[in-house]
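One structure is given below, encoded as structure tokens.
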Amino acid sequence: DVKVTQSSRYLVKRTGEKVFLECVQDMDHENMFWYRQDPGLGLRLIYFSYDVKMKEKGDIPEGYSVSREKKERFSLILESASTNQTSMYLCASSSGTGWGEQFFGPGTRLTVL
Amino acid sequence: AQSVSQHNHHVILSEAASLELGCNYSYGGTVNLFWYVQYPGQHLQLLLKYFSGDPLVKGIKGFEAEFIKSKFSFNLRKPSVQWSDTAEYFCAVTPYNNNDMRFGAGTRLTVKP
């Protein structure tokens, strides 16, 4: 089974802190994604990566950055956390061609105080 | 930019009732279509997908969806819902061979026993 794991299920941080969210997948997938999920807004794409060291902005990249140094790992970085970044963050991965099924991790619920 | 609309935010049904959840998208070209489900406390998982061929797609747990190209729609159906179908359902669309997956806002389904 494809497995996508995220480093924390729940995280509480203070405004201004630098926050790292880690995601690891074990299926050798080329593509990896970071979304945030908010009630009534569905999933919004923050960043995605289709190869190591490659990244593309999604719909809402402001205030975020990403890092993909290894194929299996995709990190989301909040450079200076703010209260409006309180949300559920979902990581997903998919195989290289055709943009088929994305496999999701369990999510990290981040609260910024 | 393409968008995905889910018409119902919250649907409440009794067990054995029939279900239809609406999904419309705004992209004019060839698309891949998906329905994902998120059960309470669980991660997003694929319910069904359409890439090509028969526009009536069958998924897991008795769900099906029909792609109507002329209406830009991909509605989800189930003839008889169960209490265990209580979950949030997301429609998603990608242009064929493209990275850009867009999700709808989600529909919360509550099935009363």
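At a glance:
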quantity	calculated
Residue within the range A:62-71 that is under 22 Å from A:GLY40 (Cβ atoms), modelled with pLDDT of 95 or more and out of contact with any helix residue (DSSP H, G or I) (no Cβ under 7 Å at 6 or more places or on another chain) present	yes
Which listed residue is modelled with pLDDT under 95 and more than 14 Å from every other protein chain (Cβ to nearest Cβ), from A:SER49, A:SER7	A:SER7
Elements of type strands (runs of 3 or more DSSP E) in the range B:1-108, at least 2 residues being among the hydrophobic types (A, V, I, L, M, F, W, C)	B:10-14, B:19-21, B:31-38, B:45-50, B:56-58, B:64-68, B:73-78, B:87-95
Tally of residues being more than 22 Å from A:GLN37 (Cβ to Cβ) and either of a type in the set (Val, Ile, Thr) or at pLDDT 95 or above (or both) across the range B:85-101	0
Counted residues, the range A:72-112 - those being within 14 Å of another protein chain (Cβ to nearest Cβ) and more than 18 Å from A:ARG44 (Cβ to Cβ)	8
Filtered residue count, the range A:42-84, keeping only those that are over 21 Å from A:SER7 (Cβ atoms) and of a type in the set (S, T, N, Q)	2
Qualifying residue in the range A:48-66 (condition: part of a helix (DSSP H, G or I) and in contact with a strand residue (DSSP E or B) (Cβ under 9 Å, 6 or more places away or on another chain))	no
Hits in the range B:20-31 (condition: out of contact with any Pro (no Cβ under 8 Å at 6 or more places or on another chain) and either away from chain A (no Cβ under 12 Å) or within 22 Å of A:GLY105 (Cα to Cα) (or both))	B:GLU20, B:LEU21, B:GLY22, B:ASN24, B:TYR25, B:SER26, B:GLY28
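Yes/no matrix, rows are residues, columns are (1) within 19 Å of B:SER18 (Cα to Cα); (2) touching a Leu at 6+ places or on another chain (Cβ under 8 Å); (3) within 14 Å of chain A (Cβ to nearest Cβ); (4) of a type outside the set (Gly, Ala, Ser):
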| residue | (1), (2), (3), (4) |
| --- | --- |
| B:SER52 | no, no, yes, no |
| B:GLY62 | yes, no, no, no |
| B:CYS91 | yes, yes, yes, yes |
| B:ARG108 | yes, no, yes, yes |
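Condition check ((1) of a type in the set (Phe, Trp, Tyr); (2) farther than 24 Å from A:LEU41 by Cα) across all residues:
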| site | (1), (2) |
| --- | --- |
| B:LYS58 | no, yes |
| B:PHE72 | yes, no |
| B:THR86 | no, no |
| B:ASP100 | no, no |
| B:VAL111 | no, no |
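The values are calculated or read from the model by the stated rules, or taken from the named source; none is laboratory data. Since this is a predicted model, take the numbers as computed values, not measurements. Cβ: placed from backbone, ideal geometry, glycine included. Neighbour counts: every protein chain shown.
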